[in-house]
Amino acid sequence: MSRPPRVDALVVGAGPAGMAAALRLRHAGLSVRVVDDAPAPGGQIWRAAEANAARAGTLGADYARGIGVAERFRACGADYRPGIELWRLDPGWQAHVKQDGALGRIDAGAVVLATGALERPVPFPGWTLPGVVTVGGAQTLLKAAGQVPTGPVWIAGSGPLVLLYAAQILALGGAIAGWLDTAPAGNRAAAALAGLRRPRALSRHAGDLMKGLGWRLKLALARVPVISVRAVAAEGEGRIAAVRFVTQAGREERRPAQLLLVHEGVVPNIHATLALDCVHDWCPDQECFAPRLDAFRMTSRDGLFVAGDGGGILGARGAAWSGTLAALGVLARGGHLSPAAAAQEAGPLRRRLASEAGFRAFLDALYRPRRDVLAPSGETLVCRCEEVSADAVRRAAALPGAGPNQIKAFTRTGMGPCQGRQCAATLARLVAEVQGRSMESVGCLTIRPPLKPVTVGELAQAAEQHI
Amino acid sequence: MFRTLPDLPGAAVRILIDGADVAAREGEPLAAVLLRTAPFTARTTPVTGAPRGPYCLIGACFDCLVVVDGVPSRRACMVPVRAGLRVERQHGRREAAP
């Protein structure tokens, strides 16, 4: 087999963060390869933005902005490869990738992981029934397939994405039977307090606040019922037929439903950094683990950087700035930029990121998930793949010294095809709760490659090619 | 469950789902077609045989696993539609290929 290609920098992910990193690295003349699992650039936020140019207006100005960024990205000279998945990353750096059932390797001087966020898993009774879909997933269907929901459509959850998606659906002539607002009653007071502590961050983001109020106004004008609830369940045989909920006032109700769209915010996608055993910290405000990053967004592994929401949730704007910042880190580390020049260019980016973080703290407080979602109980499934209930995990966690990895072995939680993406955080949380420990001390499941599915046949074929 | 908007990009194509001829658009995620096609499911689980459908649509939940052109356990949300795709819903556990 011929030697694997070698580039100065490999960027994984072509969303706002990955594209910004690639643009800055190319500006400095480095050889850059960008791999991404989607068929076109944009990440989830700008998914299929180019293909939707004709209808971008109805999806909002923030979405339409992705078209211009994708255009600059395509012209920047980075070797962009769509439809590629990273299944293994080794220090030094060697990236093992897969495309159309064939495996390959890319060697790189530095790696920028820009793999973004995942929607937070939202365990509740019935969340595995067909017809329960995440709000982000429904929005992906809107962007990538022009698909709008029909039948009695219920939304259960909270967060900016709920409001944005509902406004988009209404603008396209869709209907929503009701929004079950799951944000706990105490969130508004906590958010007000968080806002008062950072009045400048809030005033700088007045436009964002207005956007949120505008979305709420659209819901009100369309007479979408907004019901504050403390518990949600999906019911049905073979697929969802009804949604059951308990209002904040304690009233129980049951309504017919064909679709239940759920959302409780997003969390960093940390599979690759976990597999590399990078240092991770628990972020109590965002209820998630995130890799520890230095001032140029380098992980505890030399030459491995994280740009965008994969290093902590900041949103699309912050993702682009952090992508540029990570690129500066790559350039300074490789001697392509003097430390002084890097620091000078990084200054304004860091100030903007700090302002973004101040506003994000307000959003985090306003949309903090309810306790049941973070630490479910009873027969609610924690592990969707292996169908392990919260009670089964709690029972295993009561055994002395059982950590997430032992409980995985005892109960198969986290052993299925999703490799813990949907249950690892819940598992850690239940262990922490049952054993009275901190999230830091419990930590996360051990993650090992393959990060994405590869078959034994594909591995065998790749080995033959190396001989 | 879902309907599609008019005037979408991508050519109109036909694919086979469990032998049935189904309309789709080239390039759209296969999971989108499953969510328009009764019974709106992708697979049954290996543990209890419970039906599952597409859930996250970004390749993270692995609940939309289907057999595509003979290859099992493909995530339907990550497979762009092509004309003539042969799709089978996946029931229970997979066997290793001989």
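Just so you know, all these numbers are worked out from the coordinates, no wet-lab data involved. Here the structure is a predicted model, which means the values were calculated and not measured. Neighbour counts are summed over all protein chains in view; Cβ atoms, including those assigned to glycine, are modelled from backbone coordinates with ideal geometry.
What the table shows:
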{"item": "Fewest-first sequence of B:TYR55, A:TYR367, A:TYR63 by Cβ atoms within 10 Å of each Cβ", "result": "A:TYR367, A:TYR63, B:TYR55"}
{"item": "Percent of beta bridges antiparallel (DSSP, the protein assembly as shown, rounded to nearest 5)", "result": "60"}
{"item": "Loop GluC sites (Glu not before Pro), region A:376-443, which have at most 11 other Cβ atoms in a 10 Å radius of their Cβ (DSSP)", "result": "A:GLU379"}
{"item": "Global form of region A:91-229, assessed from the alpha-carbon gyration tensor, a/c cut-off 1.5", "result": "oblate"}
{"item": "Whole-angstrom gap from region A:58-76 to region A:285-303, using each part's C-alpha centre", "result": "27"}
{"item": "Options A:LEU129, A:ALA14, A:ALA275, ranked by Cα towards positive dipole end of chain A, top entry (Cβ charges)", "result": "A:ALA14"}
{"item": "Alpha-carbon radius of gyration plus Dmax, which is the widest Cα pair, for region B:15-98 in Å", "result": "11.8, 34"}
{"item": "Inter-label distance, nm, simple model (7 Å from Cα along the C-beta direction), A:ARG251/A:ALA231", "result": "1.7"}
{"item": "Compactness of the protein assembly as shown - radius of gyration and Dmax, Cα, Å", "result": "22.6, 69"}
{"item": "Region A:352-385 versus region A:120-185: alpha-carbon centroid distance in Å", "result": "17"}
{"item": "Cβ-placed point charges (K, R +1; D, E -1), dipole of the protein assembly as shown about Cα centre in debye, nearest 20", "result": "980"}
{"item": "Mean projection area, nm², convex hull over Cα of region A:1-160", "result": "11.9"}
{"item": "Given charges at beta-carbon only (K, R positive; D, E negative), |dipole| of region A:229-367 in Debye", "result": "300"}
{"item": "Within a Gaussian network of chain B (alpha carbon springs, distance under 10 Å), most fluctuating of B:LEU85, B:LEU30, B:LEU65", "result": "B:LEU85"}
{"item": "Gyration tensor (alpha-carbon) shape descriptor, region B:1-55, a/c threshold 1.5", "result": "prolate"}
{"item": "Shape call, region A:195-283: gyration tensor on alpha carbons, a/c limit 1.5", "result": "oblate"}
{"item": "Rh (Kirkwood; distinct C-alpha pairs) - region A:151-222, Å", "result": "13.6"}
